[in-house]
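The values are calculated or read from the model by the stated rules, or taken from the named source; none is laboratory data. This one's a predicted model, so the numbers in the text were calculated from it and none came from an experiment. Cβ: placed from backbone, ideal geometry, glycine included. Neighbour counts: every protein chain shown.
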Amino acid sequence: MITRKQSPTKARLYFKVSKGYVLCGVCERRCLIGPGEKGYCGNRVNIGGELYNIGYGVLSAVESRPIEIKPLFHFWPNSTALTFSGWSCNFHCPWCQNFTLSFNTPSTNEQYYVPPEKLVEKAIRNGDEGLCASFNEPTIHLEYLVDAFREAKKHGLYNTIVSNGYMTLDALKELREAGLDGLNFDIKGCRETYKKFIGALDPMVVFRNARVALDLGIHVEMVFLVVTGANDYSECYEWVLEKHIEILGYDVPLHINRYYPSWKYHEPPTSLKTLFEIYEKAKEYGIRYVYVGNIGDPKYETTYCPRCGKPLIARSGYRVIYYKLTKNGRCPYCGFKINIVGKYIPNKGLSFII
Ligand code: SF4
């Protein structure tokens, strides 16, 4: 890793408007940024009528982590990804668990700078199978992701992101072209959730992007963090389940996660009763792979065959403890084809990570 002064990097995807203003085309906020001003995320600055990324390679965390913790349960099971994050975010969710890095913006002073080649070198040294951009919103660092993903591909690694899914289609396509293989999108709830807590944004953008990602050949999983008093009522979660099926179909895994109080939001943790109700409802609706996360119960972290109901992949502590698929990803009992991408990595413990 290298620490040095890093110059702002010319941004991708922006358009000059007039009087020195520029329009950022990375996320659907589409900030109009005047000379000397920053966009909403604080990561993109208009310098002399051009847009620059001031956070290129300025990382807030780098560590090897299990792919199951993202969560990505149907992608390279039991592998590890070198997980990295920058600073700031284009959302300000009041219950953010990562608020210390999501709500701090990078400065242009001396920084902890990690060039893409060094990041990939570290992944290879750690024995990781891939990269994962996570913690804060990765796409606001589009320029760095493109360079890091291209570098990773040269060395046969996979690339993933954990995202709020609010990027533009142009940004999504750039990531795919750079080698994005898998992603996890966090759906925050229904329209009312976005209106009240996320600044009047449109949840349909997230479903649109997930659909386009599938069509581009990217592996997709969805997370629905059920937050007490925000999105835990039936009209809201039923809307989420209906859109999941209508737009993404039955095969895209859905992780129903428990919330715990954080940052500015202090309601009690999500009731288990509500989580299990949503789980049952999702199964009833026909979603084939449904999980309940953040409750530490392996029963709800197991993949069952959608046809014969046999347990096929069991997980505990974010590791695979039982794996029973055929080489071509089918149920060995009834032959049903399971939605699974990449290779299973057996015998990979966590001793070198923690
Ligand atoms: S990436 Fe940042 S500057 Fe660009 S539109 Fe989104 S919030 Fe605004």
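Of all residues in the range 230-273, those being of a type outside the set (Gly, Ala, Ser) and assigned to a helix (DSSP H, G or I) number 16.
Looking across the range 137-171, just one residue is of a type in the set (S, T, N, Q) and either over 14 Å from Asn184 (Cβ atoms) or modelled with pLDDT under 95 (or both), and that is Thr168.
Each row is one residue, and each column tells you yes or no for (1) over 22 Å from Tyr260 (Cα atoms); (2) surrounded by fewer than 23 Cβ atoms within 10 Å (Cβ to Cβ).
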position	(1), (2)
Tyr56	yes, no
Pro71	no, yes
Pro94	no, yes
Pro115	yes, yes
Ser134	no, yes
Glu137	no, no
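Of the residues making up the range 34-44, those that are more than 18 Å from the chain's Cα centre (by Cα) and either closer than 14 Å to Glu137 by Cα or buried (at least 22 other Cβ atoms within 10 Å of the Cβ) (or both) are Gly39, Tyr40, Gly42, Asn43, Arg44. Got at least one residue in the range 163-184 being over 16 Å from Leu82 (Cα atoms) and of a type in the set (Phe, Trp, Tyr)? So far as the range 163-184 goes, yes, one or more of its residues are over 16 Å from Leu82 (Cα atoms) and of a type in the set (Phe, Trp, Tyr).
Looking only at the range 36-61, which residues are within 16 Å of Lys10 (Cβ to Cβ) and in a loop (DSSP other than H, G, I, E, B)? Answer for the range 36-61, where residues must be within 16 Å of Lys10 (Cβ to Cβ) and in a loop (DSSP other than H, G, I, E, B): Gly39, Asn43, Gly48, Gly49, Ile54, Gly55, Tyr56, Gly57.
Tell me the residue from Phe99, Phe84, Phe75 that is surrounded by fewer than 22 Cβ atoms within 10 Å (Cβ to Cβ) and aromatic (Phe, Trp, Tyr), please. Answer to the check: Phe99.
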